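Q: Below: one structure in structure tokens.
The values are calculated or read from the model by the stated rules, or taken from the named source; none is laboratory data. Since the structure is predicted, the reported quantities are computational estimates derived from the model, not experimental observations. Cβ coordinates were reconstructed from backbone atoms using ideal geometry, including for glycine residues, and neighbour counts include every protein chain displayed. All accessible areas refer to the heavy atoms of the entire protein, side chains included, with ligands and DNA or RNA removed. Shrake-Rupley method; radii C 1.70, N 1.55, O 1.52, S 1.80 Å.
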Amino acid sequence: MKTLVVTGYKPMEMGIFKPNDPKIAFIKESIRKRLSAFIEEGLEWVLVSGQMGVELWTSEVVLDLKEEYEIKLGILPPFENQQERWPEDLQMIYEEVTMTADFFKPIYKKGYDGPYQFKAKDQFLVAHSDGCLVLFDEDTKGSPEFFLRAAEKAAEKEDYPILYITPLDLEETVEELRMANPDYWSQ
């Protein structure tokens, strides 16, 4: 697999409302572990649409991984200025990652026009990747479902792996990080 799409929930879908929420560090570490393994197996590109939440955190993780690995980040939002109504702190992160990404190009060269742009973005990302990694909980419906529909259609026709980061994966990361903290053992 040379090109992987990463997506998942928006922050509010996970009960995250502050930029310093400790859950973000656990999510980013889970993403980092999975991407590192894929990179060591030959992954060259990570694609995201840049939406807030998992995709923005993935962008930050990939940019950090560039210090260790040859990996490229492509950000393909559904339309121009998708971040204009986001909280200011998220707008700043978005601007930073889009400026430092290896590739940035909105699917539509215009602002928001309708839901069709999101559907086209999902189809485009699937068509230009070899598989996907999705932070998703089958018991918690949300925005990743739309992307998963496009990915599942591709998987029916061709070899298109759909890989997941599950709540169990996140719990394992939390436990690993807790146990790695020396203070954990001195209690």
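Q: Considering every residue within region 93-100, establish whether at least one is in contact with a Gly (Cβ under 9 Å, 6 or more places away or on another chain), open to solvent by less than 50 Å² (accessible area, probe 1.4 Å) and of a type in the set (Ser, Thr, Tyr).
A: Checked against the condition, which is being in contact with a Gly (Cβ under 9 Å, 6 or more places away or on another chain), open to solvent by less than 50 Å² (accessible area, probe 1.4 Å) and of a type in the set (Ser, Thr, Tyr), region 93-100 yields at least one hit.
Q: So, one more: Taking strands (runs of 3 or more DSSP E) that do not extend beyond region 1-96, which have at least 3 residues that are polar (S, T, N, Q)?
A: Hits in region 1-96: none.
Q: Name the single residue, out of those in region 119-148 being touching a Pro at 6+ places or on another chain (Cβ under 8 Å) and surrounded by 19 or more Cβ atoms within 10 Å (Cβ to Cβ), that is farthest from residue 10 (Cα to Cα).
A: Ranking the candidates gives 131 first.
Q: Kindly indicate the residue of region 123-150 that is assigned to a helix (DSSP H, G or I) and free of Cβ contacts under 8 Å to residues at least 40 places away in the same chain and also nearest to residue 33 (Cα to Cα) among those meeting that condition.
A: Among those that are assigned to a helix (DSSP H, G or I) and free of Cβ contacts under 8 Å to residues at least 40 places away in the same chain, it is 148.
Q: Do you know which residues across region 26-57 are more than 16 Å from residue 78 (Cα to Cα) and of a type in the set (Ser, Thr, Tyr)?
A: Answer for region 26-57, where residues must be more than 16 Å from residue 78 (Cα to Cα) and of a type in the set (Ser, Thr, Tyr): 30, 36.
Q: Taking the stated definitions as given, is residue 68 of a type in the set (D, E, K, R), more than 16 Å from residue 104 (Cβ to Cβ) and either at pLDDT 95 or above or open to solvent by less than 10 Å² (accessible area, probe 1.4 Å) (or both)?
A: yes
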